[in-house]
Amino acid sequence: MTQIAEVLSQPVTKKRGRKPKGERPMTAAERAKASRDRRRFPMEGYSGKPISVMLSGDAHMALDELVSAYGDKSQKEIIDLALIYLFKSRQVTE
């Protein structure tokens, strides 16, 4: 009976860090692959295409005005919406 009391009186140490998502912690290779996948496919069903462009002065001013008009949207979101709108309106006119 004294052995049980001794075991119960000992402090319980918790494991440090976040609990693993699966049954075991991921290996370094699995973490690297997950990181690459998150960058490559940031949203479900979306495989974004990274681009780099230089805007003309007029386009840059128009983008700045749209950003200030739609304060809750980022430049990326505004460009996405403009491209999608242009694409959809082109389909209707042809």
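Within segment 19-30, the residues that satisfy the criterion of being in a helix (DSSP H, G or I) and loosely packed, with under 11 Cβ neighbours inside 10 Å are Ala28, Ala29. Pairing residues of segment 74-85 that are surrounded by 10 or more Cβ atoms within 10 Å (Cβ to Cβ) with residues that are basic (Lys, Arg), at Cβ distances under 8 Å and at least 6 apart in sequence or on separate chains, gives Leu81/Lys73.
Just to verify a result, which residue in segment 37-64, among those that are surrounded by fewer than 10 Cβ atoms within 10 Å (Cβ to Cβ) and modelled with pLDDT of 85 or more, is nearest to the chain's Cα centre (by Cα)? Restricting to residues being surrounded by fewer than 10 Cβ atoms within 10 Å (Cβ to Cβ) and modelled with pLDDT of 85 or more, the top hit is Ser52.
The values are calculated or read from the model by the stated rules, or taken from the named source; none is laboratory data. Worth saying up front: this structure is predicted, and the values here are computed from it rather than measured. All Cβ positions, even for glycine, are placed from backbone atoms using ideal geometry, and neighbour counts span all protein chains on display.
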